[in-house]
Amino acid sequence: MSSNSLPSQAKTVIIGGGIVGNSLAYHLAQEGREDIVVIDKGPLPDPGGSTGHASNFLMPVEHSKEMTHLTQRSIEQYRDMDTFTESGGIEVARTEERVEELKRRVQSAKAWGEPAELLTTEAVEELVPYVNTDLVEAGFHSPGAGTCDPLRAGEVMRARAEEYTDGGLHVSPNTEVLDLHVEDGTIAAVETDRGTVAADEVVIAAGLWSPKIAEMAGVDIPLTPAVHQMVSVGPISFFEDYEGEISFPVVRDMDTQMYERQHGNDLEVGSYQHRPILWDIEDVPSIDEAPLSPTQPPLTEDAFEQSMADALEMVPDLLDDPLAGIRHEIDGLLSQTPDGGPLLGPLQDVEGLWSCAAVWIKEAPAIGEAVAQWMTRGWSDIDLHGADVNRFYGYGNSRSFVEERASEGFQKIYDIVHPAEQYQSARELRTSPFYDRQQDLRARFFETAGWERPQWYESNSDLLDRYEDELPTSADRTSGTLAGGHRSSSPSTSTPANTCR
């Protein structure tokens, strides 16, 4: 039930009433938790976080198997709650380099079991006739993509959790967390402006406010608020003959790091191509101070100028509509982490304290489910180890590190990223005693958990030429015969010293 009063104790307290907190409450209840409290500083159903301003489209295909499967599972859940509309989605390529990347995305889709195909320019025009296909070299079509209503989904999830717990769910909106009490390294209670709740476990699912909450317990959640710009233009005459929220595929203009998607009679234009704009959490206004909501500050207009020009170029027939105007324009705040991934799992310095932060709309239901499984049985159906909150422990929690990596990572959201591409910022944090000698040998370093690890040495670049006659050919490797006529007891697994292993 929803109430402004709080119980004095609970098995589980979830801090955050957006799509993530609601999903977690629902799935914990489904797993058998019967005593759950959900707290949020804002009102319901929209407490003022990222859930309320997201563009709400779900493109299921990523190069990450885990994130693709989480999105697929989230779509299943949104469907089950009747909060999903399948529209399909198309990523368009303006360049030959992007066409090659889209071919790679098709291969990832096939590998992860998600339907997808590469479209010709003519096929793109057939599906989205308002796109300027003079700019388009090809398109990546994901027919299973679509849009969701996360606020309505949150209401459904809370109602279902109420049924599962038989009244054991207590939801407290308009309630501010003042402190987290830790005793002997274990979470003990959550102090709020409406009272203190003793708790066996606490989950921080507060979006971009999560680091501020974690700091109350003396731990770090490494993320920063970052701006994603969006404007809504309408009414668009072209859409007047179509019913419902969306009748055409979502379009992602990947080379300009933008998207355009129908929303009723309007067109939402979103951009990640602008310069990284990071916020300090202390500068985010309160609910009472914010004109719209705390996560919807006014648009930084100079940063959006190129984005609007690119959008006008891609969908001129819509944006040049003489009856249309800008109805809504924001610098939407979202959570950006040092590597762009979620921050999930138990925080290792405080027993019973969990993170479920930096989660996007498209994977939120499934992540809530997976973390609930992790909390109740120790493991989840979809492997979350790559999103473990502790992956930055000991080296990557400082504000400078988070901001440097977040700024660099923001520019990779729609970018073409090579599988072996390394971050350039915040390097040389952990080096071995041999680091200077490795540099003298012109080592090429990859970074893992902050450590600089040499992958090859340019000083060895002449070895292939020097030992060409002694290296095994592909036929030799197949037969097990090494150069010089010697037979190996097993196939060779060695690689030249100047190649990546």
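The values are calculated or read from the model by the stated rules, or taken from the named source; none is laboratory data. Keep in mind that what you see is a predicted model, and the values were worked out from it rather than measured. Note that each Cβ is placed from the backbone with ideal geometry, even for glycine, and that neighbours are counted across all protein chains shown. Each accessible area value is taken on the protein alone, full model and side chains, heavy atoms only, with ligands, DNA and RNA left out. Shrake-Rupley method; radii C 1.70, N 1.55, O 1.52, S 1.80 Å.
Tabulated data for the structure shown
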{"read-out": "Residue list for region 297-307, restricted to those being open to solvent by less than 100 Å² (accessible area, probe 1.4 Å) and either basic (K, R) or not in a loop (DSSP other than H, G, I, E, B) (or both)", "value": "P298, D302, A303, F304, S307"}
{"read-out": "Residue check, R477 at pLDDT 95 or above and not in a strand (DSSP E or B)", "value": "no"}
{"read-out": "Residue list for region 442-459, restricted to those being among the charged types (D, E, K, R), surrounded by fewer than 16 Cβ atoms within 10 Å (Cβ to Cβ) and in contact with a helix residue (DSSP H, G or I) (Cβ under 8 Å, 6 or more places away or on another chain)", "value": "R442, R444"}
{"read-out": "Qualifying strands (runs of 3 or more DSSP E) (wholly inside region 179-296; at least 1 residues being more than 29 Å from R405 (Cβ to Cβ), hydroxyl-bearing (S, T, Y) and open to solvent by 10 Å² or more (accessible area, probe 1.4 Å))", "value": "186-192, 195-204, 224-234"}
{"read-out": "Test: P338 is buried (at least 17 other Cβ atoms within 10 Å of the Cβ), within 23 Å of the chain's Cα centre (by Cα), on the phi < 0 side of the Ramachandran plot and without any contact (Cβ under 8 Å) to a residue 60 or more places away in the chain", "value": "no"}
{"read-out": "Condition check for I330: more than 26 Å from G32 (Cα to Cα) and at pLDDT 95 or above", "value": "yes"}
{"read-out": "Qualifying residue in region 52-69 (condition: within 30 Å of R194 (Cα to Cα) and not in a loop (DSSP other than H, G, I, E, B))", "value": "yes"}
{"read-out": "Residue in region 432-441 that is most open to solvent (accessible area, probe 1.4 Å), counting only those that are touching a helix residue (DSSP H, G or I) at 6+ places or on another chain (Cβ under 9 Å) and assigned to a loop (DSSP other than H, G, I, E, B)", "value": "L441"}
{"read-out": "Every residue from region 460-471 that is part of a helix (DSSP H, G or I) and either open to solvent by 60 Å² or more (accessible area, probe 1.4 Å) or in contact with a His (Cβ under 8 Å, 6 or more places away or on another chain) (or both)", "value": "L464, D465, R466, E468, D469, E470"}
{"read-out": "Selection from region 70-96 of residues that are small (G, A, S) and part of a loop (DSSP other than H, G, I, E, B)", "value": "S87, G88"}
{"read-out": "Unique residue being modelled with pLDDT of 95 or more and over 30 Å from E100 (Cβ atoms) when the list is A189, A226, A290", "value": "A189"}
{"read-out": "Pairs with Cβ under 6 Å, 6+ apart, first in region 103-119 and farther than 14 Å from M254 by Cβ, second open to solvent by 60 Å² or more (accessible area, probe 1.4 Å) and assigned to a helix (DSSP H, G or I)", "value": "W112/K65"}
{"read-out": "Condition check for E86: open to solvent by 30 Å² or more (accessible area, probe 1.4 Å) and either under 25 Å from E245 (Cβ atoms) or modelled with pLDDT under 95 (or both)", "value": "yes"}
{"read-out": "Condition met for K41 (part of a strand (DSSP E or B) and surrounded by fewer than 24 Cβ atoms within 10 Å (Cβ to Cβ))", "value": "no"}
{"read-out": "V131 open to solvent by less than 60 Å² (accessible area, probe 1.4 Å), in a helix (DSSP H, G or I) and not acidic (D, E)", "value": "no"}
{"read-out": "Residue that is over 19 Å from the mean Cα position of the chain (by Cα), open to solvent by 10 Å² or more (accessible area, probe 1.4 Å) and not basic (K, R), where the choices are M81, M67", "value": "M81"}
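So that you can scan it fast, the table gives a plain yes or no per residue for (1) in a loop (DSSP other than H, G, I, E, B); (2) crowded, with 20+ Cβ neighbours inside 10 Å:
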{"position": "V99", "(1), (2)": "no, no"}
{"position": "Q107", "(1), (2)": "no, no"}
{"position": "L118", "(1), (2)": "no, no"}
{"position": "E122", "(1), (2)": "no, no"}
{"position": "H141", "(1), (2)": "no, yes"}
{"position": "V156", "(1), (2)": "no, no"}
{"position": "A159", "(1), (2)": "no, no"}
{"position": "G167", "(1), (2)": "yes, no"}
